[in-house]
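Structure first, then comments.
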Amino acid sequence: MQSLSRQVPVGDASLSTAQSLKQLVWDLPTRIIHWLLASLILFSWWSVKNHHTDWHIWSGIAILTALIFRAFWGLFGSSTARFANFVRGPRGIRNYFRGQWKGIGHTPVGALSVIALLAAIAIQVGLGLVSQDEDGIYMGPLARLISSDASDTARDIHELWFNVVLFLIILHIAAIAYYRVSGRPLTKTMITGQGAVEPGIEPMRPGKWWVALLCLITAFALSRWVVAGAPPFGP
Amino acid sequence: MIRSVAFMFVISSALAACGGPETSQANNVQANLSNTASPAATAPPSTVTADAFSEISGEQAKSVMHERHEGMEAIGKANKSIKRELEGSAPDLVTVRTAATKIADLSQKASGWFHAGTGPDVGKTGAKPEIWRNTQDFAAKLAAFQKATAAFNSTASGSDVNAIKASFGELGQACKACHDKYRSEMHH
């Protein structure tokens, strides 16, 4: 063993980075959902600010569909999309800060951001579904499940909760800007799906296309049920 | 497969384009002017008169602003109760008719809710200063609203649920036409 010659990294360049390969780390469904959510949230904000409340409601329903798909894809999708693979406990986060984390996909701290964003958006959609506008012209599809006063309160919270969503989005973008400065273009990876994978790291196990199709069908079916007014189509 | 994801989202957003028709501008609506003492002899008789925008101040202004706020809130509440009935499979038309009459009555009172001197510079209100810069347009929209409430009240006295829904949709558009242009987010 000792007699074998060993290559020694020079300067900052580690051997493993030099040999890392571009591989698929985000599958297509995950990337589509990401950019779809970004666009729909922007559109939801724009439409309600410009008095297109009907578009705003449909945009929210589209977000609901995307969230349901993402939830199922997080259970049955590609390895980097699965919650069980990227959500880690406090010890995993501590190890990450000590530089002991290696892998592809979300880092343990990035995972917290993902979960917080998805949860905040889900809460926002849920509030919107039971809200009504203050003029009695528009109602979320599930508003009749609760009282008129409760729907008004839901709308008030829906307006306030947007600030929470906005805060998380700003944090998310700030983190990406930080990584960019450090030389890691995360945005490009989220567009092409290709990221650097170090040798010895298990590559992404891609999900099955027919599983994605089943997740999609389920997402549309559940959204359709919500649009109909839920339980047996109404209160 | 992925194409179909994008495609179906396009469909779902296309479904969004199912808003109601824009209501036509109303004309020849008699508006009762309360709250003002001066006779409006020169004003045209068949619309919300210029006198509706005569200047008031002090306690009178405060009182009009309060009445406007309460009145608009009451209209909103009545509208919501109608909306909730009409969204259901078996609307209670008694509830709808009671609310429709209330809205029609309040809409007539609205002619006295927009005197000059009741804008955001005087107190907290969602009424934009644009109201008093475009009184002609505003008066036309207010008259259209009053026409829509009367039409809806009349349709609601019948039992044709589809006609009631259509008429309610037109009333909503009349509310929205004014609110989109002349109401700020500084209300509640």
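So the values come out like this:
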| item | result |
| --- | --- |
| Members of the stretch B:61-104 found to be free of Cβ contacts under 8 Å to residues at least 12 places away in the same chain, out of contact with any helix residue (DSSP H, G or I) (no Cβ under 9 Å at 6 or more places or on another chain), farther than 18 Å from B:HIS179 by Cβ and assigned to a helix (DSSP H, G or I), listed by number | B:SER63, B:HIS66, B:VAL94 |
| Selected residue (only one of B:PHE145, B:PHE114, B:PHE152 is touching a Cys at 6+ places or on another chain (Cβ under 7 Å) and modelled with pLDDT of 95 or more) | B:PHE145 |
| Search result, residues across the stretch A:26-48 that are under 26 Å from A:ASN85 (Cβ atoms), in contact with a Gly (Cβ under 8 Å, 6 or more places away or on another chain) and more than 9 Å from every other protein chain (Cβ to nearest Cβ) | A:TRP26, A:ASP27, A:THR30, A:ARG31 |
| Unique match (being within 15 Å of B:ILE82 (Cβ to Cβ) and surrounded by fewer than 18 Cβ atoms within 10 Å (Cβ to Cβ)) among B:VAL161, B:VAL96 | B:VAL161 |
| Criterion: touching a residue at least 24 places away in the same chain (Cβ under 8 Å), over 21 Å from A:PHE83 (Cα atoms) and not in a helix (DSSP H, G or I) - qualifying residue of A:GLY195, A:GLY136, A:GLY200, A:GLY128 | A:GLY200 |
| Qualifying residue in the stretch B:96-104 (condition: within 14 Å of B:ALA139 (Cα to Cα), modelled with pLDDT of 90 or more, within 17 Å of the chain's Cα centre (by Cα) and not aliphatic (A, V, I, L, M)) | no |
| Residues of the stretch A:103-125 satisfying the condition of being part of a helix (DSSP H, G or I) and not hydrophobic (A, V, I, L, M, F, W, C) | A:PRO108, A:GLY110, A:SER113, A:GLN124 |
| Hits in the stretch A:140-170 - residues which are more than 14 Å from chain B (Cβ to nearest Cβ) and loosely packed, with under 13 Cβ neighbours inside 10 Å | A:ASN163, A:PHE167, A:ILE170 |
| Residues of the stretch B:127-181 satisfying the condition of being outside any loop (DSSP other than H, G, I, E, B) and of a type in the set (D, E, K, R) | B:GLU130, B:ASP137, B:LYS141, B:LYS147, B:LYS165, B:GLU170, B:LYS176, B:ASP180, B:LYS181 |
| Unique match (being under 30 Å from A:VAL130 (Cβ atoms), within 14 Å of chain A (Cβ to nearest Cβ) and not small (Gly, Ala, Ser)) among B:LEU106, B:LEU93 | B:LEU106 |
| Counted residues, the stretch A:49-80 - those being in contact (Cβ under 8 Å) with a residue 12 or more places away in the chain, within 14 Å of chain B (Cβ to nearest Cβ) and farther than 17 Å from A:THR218 by Cα | 8 |
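The values are calculated or read from the model by the stated rules, or taken from the named source; none is laboratory data. Everything numeric here is computed off the predicted structure, so don't read it as measured data. Cβ atoms come from the backbone with ideal geometry, glycine included; neighbour counts cover every protein chain shown.
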